[in-house]
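The values are calculated or read from the model by the stated rules, or taken from the named source; none is laboratory data. In this text the structure is predicted, and so the values were computed from the model without any measurement. With ideal geometry, Cβ positions are generated from the backbone for all residues, glycine too; neighbour counts draw on all protein chains shown.
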Amino acid sequence: MPSMTGTTGTTGTHTASSLPVSDTEAHIELNESYAAHNYHPLRVVLSAGEGAWVSDVEGRRYLDCLSGYSALNFGHSHPRLVARAQEQLGRLTLTSRAYYNDQLGPFARDLAQLTGKEMILPMNSGAEAVETAIKVARKWGYLVKGVPENQATIVAMEGNFHGRTTTIVSFSTDSVATAHYAPYTPGFRLVPYGDLAALDAAIDESTVAVLLEPIQGEAGVIIPPEGYLQQVRALCNSEGVLMIADEVQSGLARTGRTFACDHEEVVPDVYVLGKALGGGLYPVSAIAADGDVLAVITPGSHGSTFGGNPLAAAIGREVIAMLHTGELQERAVTLGDQLAAGLGALVGQGVDAVRARGLWAGVDISPQLSTGRHVCEQLLEHGILAKEAHGQTLRLAPPLVASQEDIELLVTTFHTICSG
Ligand code: PLP
């Protein structure tokens, strides 16, 4: 049990305030002693970041190739976002939705325009936005589609990752994410990702929505077969079912387009957004949909104390403004091509496969070479931060503000590691 005096459980010698800041091991011990072990971090303690680079408590620098699971698409401490946040911090940060505030309206309008939708519903984390989409779809199903009460079903995809709430893990196929969290929320059907016939077979008159990631990020940057998103769109239209695209990780320029759905010119009924919407500064999420869908939400039927707060709205609005020039989307394409070409050359030489879309790559490490975890540890020694998505698979997502030299460094380091 933690001591009330502030001494650590295991080092026993430092209080939090007297901890030597250069002591990586002491920081790790504090984390391990007092923070639950729901992650398995690499042994590096970061203390500062700027653009695509971060530094640790010992002063070592690293190229960040994870970007907070794509929350840091604009890099660390982007001056424009920091300035806007600081300005808003000193003015007004939280009102609750019991009152209007002067930031939410402009943010909602700008995000509606970015998505081409009529309205948004703001939340905080990605999982909350997914939960919001599920609730909206069910309510739409009962009130608009006419599904008998309590019978709504949503079809989701095997290999999905939509967050960590009890309802969301209820339709996860990852046994580590689901074990011992039963009883699970009913009302979900799973089909193989990319299998249109299976999706078609799973939809019946009780189905209110199809929920999918246009590219499955946590699964290892899995890109569906060409034309699949269009086929899902057409199926949803013909069956009278909402298409919900979870773009929490794939959205906001990561794939070279504003949304991953744009690659197939597909517009879902509901966009789910998060991560980079807060610029890596603050949790900001939202769903965007047309008025006939979001009209089912009435006062008291859904909410969040922090959702749509002025600070979040101010940051989110600045993020949207930065996406308007298209520069970040172009950088994702150019740098992504460079990354895919560099890593592609390693297929058969330590790498089994590379899947890339924009500046986002899933890399399957050959079991003959190593494990995903070990490659990440080697990258760390070379000054590069990456993380295995699972087992043999790494997911690389450098900030979109990275330079060509940064990507070259990532590629050459991979070549060095693969050559052994
Ligand atoms: N949806 C997708 C596609 C994600 O990748 C994630 C997180 O990785 C989430 C939802 C959950 O977001 P959060 O961790 O902010 O709850």
Flagged in the stretch 213-255 as buried (at least 24 other Cβ atoms within 10 Å of the Cβ), farther than 16 Å from V270 by Cα and of a type in the set (S, T, Y), in numbering order, are T255
Among the residues of the stretch 90-112, the number that are of a type in the set (K, R) and outside any loop (DSSP other than H, G, I, E, B) is 1
Please go through (1) touching a Lys or Arg at 6+ places or on another chain (Cβ under 8 Å); (2) not in a strand (DSSP E or B) for Y271 and return the number of the only condition it doesn't satisfy. (2)
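So, of the residues in the stretch 171-201 that are among the small types (G, A, S) and in contact with a strand residue (DSSP E or B) (Cβ under 6 Å, 6 or more places away or on another chain), which turns out to be nearest to G220 (Cα to Cα)?
We begin by selecting, within the stretch 171-201, every residue among the small types (G, A, S); these are 172, 175, 177, 179, 182, 187, 194, 197-198, 201.
Add one more test, that the residue is in contact with a strand residue (DSSP E or B) (Cβ under 6 Å, 6 or more places away or on another chain), and what stays is 187, 198.
Details: G187: 26, A198: 22 Å.
Per the stated criteria, the residue is A198.
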Any residue at all in the stretch 340-353 that is modelled with pLDDT of 95 or more and under 20 Å from the mean Cα position of the chain (by Cα)? no
Could you give me the residue pairs with C-beta distances under 8 Å whose first residue belongs to the stretch 122-137 and is farther than 28 Å from P148 by Cα and of a type in the set (A, V, I, L, M, F, W, C), whose second residue is modelled with pLDDT of 95 or more and part of a strand (DSSP E or B) wherever it lies, and which are 6+ apart or on separate chains? M123/S285; M123/A286; M123/I287
Looking for something surrounded by fewer than 22 Cβ atoms within 10 Å (Cβ to Cβ), in a strand (DSSP E or B) and away from the ligand (no atom under 16 Å from the Cβ) - is there at least one such residue anywhere in the stretch 326-348? yes
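Please specify each residue of the stretch 217-236 satisfying the condition of being in a loop (DSSP other than H, G, I, E, B), under 17 Å from A198 (Cα atoms) and within 16 Å of the ligand (Cβ to nearest atom).
Quick first cut of the stretch 217-236, residues in a loop (DSSP other than H, G, I, E, B) only: 217-221, 223-227.
Narrowing the set further to residues that are under 17 Å from A198 (Cα atoms) leaves 224-227.
The one that is in a loop (DSSP other than H, G, I, E, B), under 17 Å from A198 (Cα atoms) and within 16 Å of the ligand (Cβ to nearest atom): P224.
Out of the residues in the stretch 237-254 that are part of a loop (DSSP other than H, G, I, E, B) and of a type in the set (D, E, K, R), which is farthest from the ligand (Cβ to nearest atom)?
Let us first name the residues in the stretch 237-254 that are part of a loop (DSSP other than H, G, I, E, B), namely 240-241, 247-254.
So of that shortlist, the ones also of a type in the set (D, E, K, R) come out as 247, 254.
Details: E247: 7, R254: 11 Å.
It comes out as R254.
Looking at L66, is it over 14 Å from L311 (Cα atoms), within 16 Å of the ligand (Cβ to nearest atom) and at pLDDT 95 or above?
Numbers: over 14 Å from L311 (Cα atoms): yes; within 16 Å of the ligand (Cβ to nearest atom): yes; at pLDDT 95 or above: yes.
Taking the combined requirement at face value, the residue satisfies it.
Restricting the search to the stretch 115-133, which residues are assigned to a strand (DSSP E or B), under 17 Å from the mean Cα position of the chain (by Cα) and either more than 10 Å from the ligand (Cβ to nearest atom) or of a type in the set (D, E) (or both)? Don't jump to the end; show me each part of the working.
Residues of the stretch 115-133 assigned to a strand (DSSP E or B): 119-123.
If we keep only those that are under 17 Å from the mean Cα position of the chain (by Cα) as well, we get 122-123.
The answer is P122, and nothing else.
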Subset of the stretch 158-168, residues away from the ligand (no atom under 11 Å from the Cβ) and either within 22 Å of T132 (Cβ to Cβ) or assigned to a helix (DSSP H, G or I) (or both), comes to T166, T167
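Within the stretch 44-73, track down each residue that is assigned to a loop (DSSP other than H, G, I, E, B), of a type outside the set (A, V, I, L, M) and touching a residue at least 60 places away in the same chain (Cβ under 8 Å).
Step one: filter the stretch 44-73 for residues assigned to a loop (DSSP other than H, G, I, E, B), giving 44-45, 52, 57-60, 65-66, 71-73.
So of that shortlist, the ones also of a type outside the set (A, V, I, L, M) come out as 58-60, 65, 73.
The answer is R60, C65, N73.
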All conditions in (1) assigned to a loop (DSSP other than H, G, I, E, B); (2) more than 16 Å from the ligand (Cβ to nearest atom); (3) exposed (fewer than 15 other Cβ atoms within 10 Å of the Cβ); (4) not polar (S, T, N, Q) are true of L143 except (1)
Output for Cβ contacts, cut-off 7 Å, separation at least six or different chains, first residue without any contact (Cβ under 8 Å) to a residue 40 or more places away in the chain and farther than 19 Å from G280 by Cβ in the stretch 398-413, second among the hydrophobic types (A, V, I, L, M, F, W, C) and part of a helix (DSSP H, G or I), reads T413/L379
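So, G116, is that one among the small types (G, A, S), surrounded by fewer than 14 Cβ atoms within 10 Å (Cβ to Cβ) and either out of contact with any helix residue (DSSP H, G or I) (no Cβ under 7 Å at 6 or more places or on another chain) or within 18 Å of V241 (Cβ to Cβ) (or both) or not? Steps first, please.
Values: among the small types (G, A, S): yes; surrounded by fewer than 14 Cβ atoms within 10 Å (Cβ to Cβ): yes; either out of contact with any helix residue (DSSP H, G or I) (no Cβ under 7 Å at 6 or more places or on another chain) or within 18 Å of V241 (Cβ to Cβ) (or both): yes.
Considered against the rule, which asks whether it is among the small types (G, A, S), surrounded by fewer than 14 Cβ atoms within 10 Å (Cβ to Cβ) and either out of contact with any helix residue (DSSP H, G or I) (no Cβ under 7 Å at 6 or more places or on another chain) or within 18 Å of V241 (Cβ to Cβ) (or both), G116 comes out as yes.
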